[in-house]
Amino acid sequence: MENKCPKCNGGTIVKSGIINQKQRFLCKDCNYYFTVKKIGKQIDDYYVTKALQLYLEGLSFREIERIIGVSHVTVSSWIKKYNITRPPHSEFHPVYKILKQNELIEYIAKEDNIKNSGLIITQFADKYMLIKWERFKK
Ligand SMILES: [Zn+2]
């Protein structure tokens with residue numbers, strides 16, 4: 001088994017039941033119980049990805065800070081870390097909205113709101129974020 005104990009880094013791991021729909025393991029070296037999914041790390045990766053997406057869509061560090069609640073300094077460090085350079089967005093600036101599911105449906109139901117536009121809808125906590133730009137505008 002590839003798994004290692006997160007506490008002692010030992011490799012003598014056995015399955016030990018399912019807790020909250022996740023496989024639980026027991027380290028035989030130090031008797032530490034753990035589950036494989038590391039939720040905290042996943043959330044971090046999720047926000048990094050979202051921040052990079054927003055940056056590529058033309059949003060400023062401060063706008064990204066306001067949307068995802070991570071400081072603009074951190075956002076800036078992620079942009080540097082992943083060496084992101086965005087193409088020039090001279091002709092448009094994206095508009096973004098944070099909507100509940102029913103608001104999202106109402107918004108999209110009106111064709112004028114989405115016609116001739118590029119749209120990205122992405123889940124954001126318990127709401128949805130819609131980023132829109134007039135892709136075909138000259
Ligand atoms: Zn251990």
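Centroid-to-centroid, using Cα positions, the stretch 5-20 and the stretch 77-133 are 41 Å apart. Computed from the C-beta positions of Cys8 and Lys100, the FRET efficiency with R₀ = 41 Å rounds to 0.35.
For helix 39-56, report the angle its Cα long axis makes with the longest principal axis of the Cα atoms of the chain; keep it between 0 and 90° and round to the nearest 10°. Taking the Cα atoms of the chain, the angle to 39-56 is about 20 degrees. With 24 Å as the limit, the listed pairs Lys110/Lys132; Lys50/Lys100; Lys4/Lys80; Lys50/Lys97; Lys50/Lys81; Lys22/Lys80 have Lys4/Lys80; Lys22/Lys80 beyond it between alpha carbons.
Classify the stretch 92-138 from the C-alpha gyration tensor, please: rounded if a/c falls under 1.5, else prolate or oblate depending on whether a/b exceeds b/c. Don't jump to the answer; show the numbers that get you there.
On the way: a/c = 3.16, a/b = 1.54, b/c = 2.05.
Note, shape of the stretch 92-138 comes out oblate.
Farthest towards the positive end of the charge dipole of the chain, among the residues Val48, Thr12, Gln123, is the Cα of Thr12, using unit charges on the Cβ of Lys, Arg, Asp and Glu. Free of any GluC sites (Glu not before Pro) that DSSP assigns to a loop and that have at most 16 other C-beta atoms within 10 Å, the longest stretch within the chain is 3-90. Its DSSP H runs of at least 4 residues, each contributing -39,500 (n - 2.57), put the calculated 222 nm mean residue ellipticity of the chain at -10500 deg cm²/dmol, to the nearest 500.
Three principal axis extents of the chain based on alpha-carbon atoms, in descending order, are 65, 36, 23 Å. 3J(HN,Hα) couplings calculated from phi for the stretch 74-79 with the Karplus curve 6.51 cos²θ - 1.76 cosθ + 1.60 (θ = phi - 60°) are, in sequence order, 5, 4, 4, 5, 5, 4 Hz; Gly and Pro show x.
Dipole check for the chain: with +1 at the C-beta of Lys and Arg, -1 at the C-beta of Asp and Glu, and the Cα centre as origin, the magnitude is about 420 Debye.
Readers should treat all values here as calculations from the given coordinates under stated rules, not as data from a laboratory. Just so it is clear, the structure is predicted and the values come from calculations on it, not from any experiment. Neighbour counts run over all protein chains shown; Cβ positions are idealised from the backbone, glycine included.
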